[in-house]
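The values are calculated or read from the model by the stated rules, or taken from the named source; none is laboratory data. Bear in mind that the values here come from a model prediction, so they are computed numbers and not experimental data. Here the Cβ positions follow ideal geometry from the backbone for every residue, glycine too, while neighbour counts run over all protein chains shown. Note: accessible area is taken over every heavy atom of the protein model, side chains too, but ligands, DNA and RNA are not part of it. Shrake-Rupley method; radii C 1.70, N 1.55, O 1.52, S 1.80 Å.
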Amino acid sequence: AGTTDPNKDDVPAQTGGGQFIAFTTDDGHIGLLDPSTGEPKLATSSAAVARVTNGGEYRAQLTTPRDGGVIYFINPSGHICFLEIGTGEVSTYKDLHLKKDGDLWNAAVAPDESVVAMTSDYYNDPNLYFSNGKDVFTLPLKTETEIGSISSIDYADVISWSPNKWEPKVGFDAYLANRIGSDSLDYWSMFEVDFSSKKIYDLIPAQTSDVN
């Protein structure tokens, strides 16, 4: 393991290559925008399509490793795919799933591309999942509070890795449904998984159920 200095930026800037902004169209087709020209280009492969559901309200996130050479996403069939920027080719992990084929919701690749963090498309699934492309590991989402470790998370949604490999962390948003007697308090919040301390922390105050 390495060390990090909290008083300075010890994550070196990426150098070389070009700058692009990845995006998806209304129907999920992945494209790249060149900021220097403002010109957007859609990927040539017909497989370069991310999941879009509920009339476009929900769409799969796009993530890249640190070198930006590939884009990871969940396709409409619920499988992890990656688009190679240089060639335009799309590869799919067809055998990677949780309980049944096509049950992945979102995926985020680690900066070094060694592992992918995933969320499922199941309600009442308070877990994050991690895979090296073959094996799947489950992390139960029990948050750390003043009264100890509790779990009120219904399901996680979008995931993001810290760029600092010396302090591996994953941020995610999640939907919580708390039952208080006959009443229900439902809301979104954001959390952080700190792999060094092996704890999960709530990052922001609770948001109403219409905020995502």
Between a first residue in segment 48-72 that is touching a residue at least 12 places away in the same chain (Cβ under 8 Å) and over 19 Å from residue 93 (Cα atoms) and a second residue that is part of a loop (DSSP other than H, G, I, E, B) and of a type in the set (Asp, Glu), which pairs have beta carbons less than 6 Å apart while being 6 or more apart in sequence or on different chains? 56/26
Would you check which residues across segment 22-57 are charged (D, E, K, R) and surrounded by 15 or more Cβ atoms within 10 Å (Cβ to Cβ) and list them? 51
Of 69, 78, which residue is within 21 Å of residue 132 (Cβ to Cβ) and in contact with a Leu (Cβ under 7 Å, 6 or more places away or on another chain)? 78
Looking across segment 59-91 at residues that are of a type in the set (Val, Ile, Thr) and within 17 Å of the chain's Cα centre (by Cα), the single one that is nearest to residue 160 (Cα to Cα) is 63
Conditions first: (1) touching a strand residue (DSSP E or B) at 6+ places or on another chain (Cβ under 9 Å); (2) more than 13 Å from residue 60 (Cβ to Cβ); (3) open to solvent by 20 Å² or more (accessible area, probe 1.4 Å). Residue 87 passes all but one, so which condition is the exception? (1)
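Here is a yes/no grid of residues against (1) at pLDDT below 90; (2) on the phi > 0 side of the Ramachandran plot; (3) more than 18 Å from the chain's Cα centre (by Cα):
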residue: 151; (1), (2), (3): yes, no, yes
residue: 158; (1), (2), (3): no, no, no
residue: 162; (1), (2), (3): no, no, no
residue: 166; (1), (2), (3): yes, no, yes
residue: 173; (1), (2), (3): no, no, no
residue: 183; (1), (2), (3): yes, no, yes
residue: 188; (1), (2), (3): yes, no, no
residue: 206; (1), (2), (3): yes, no, yes
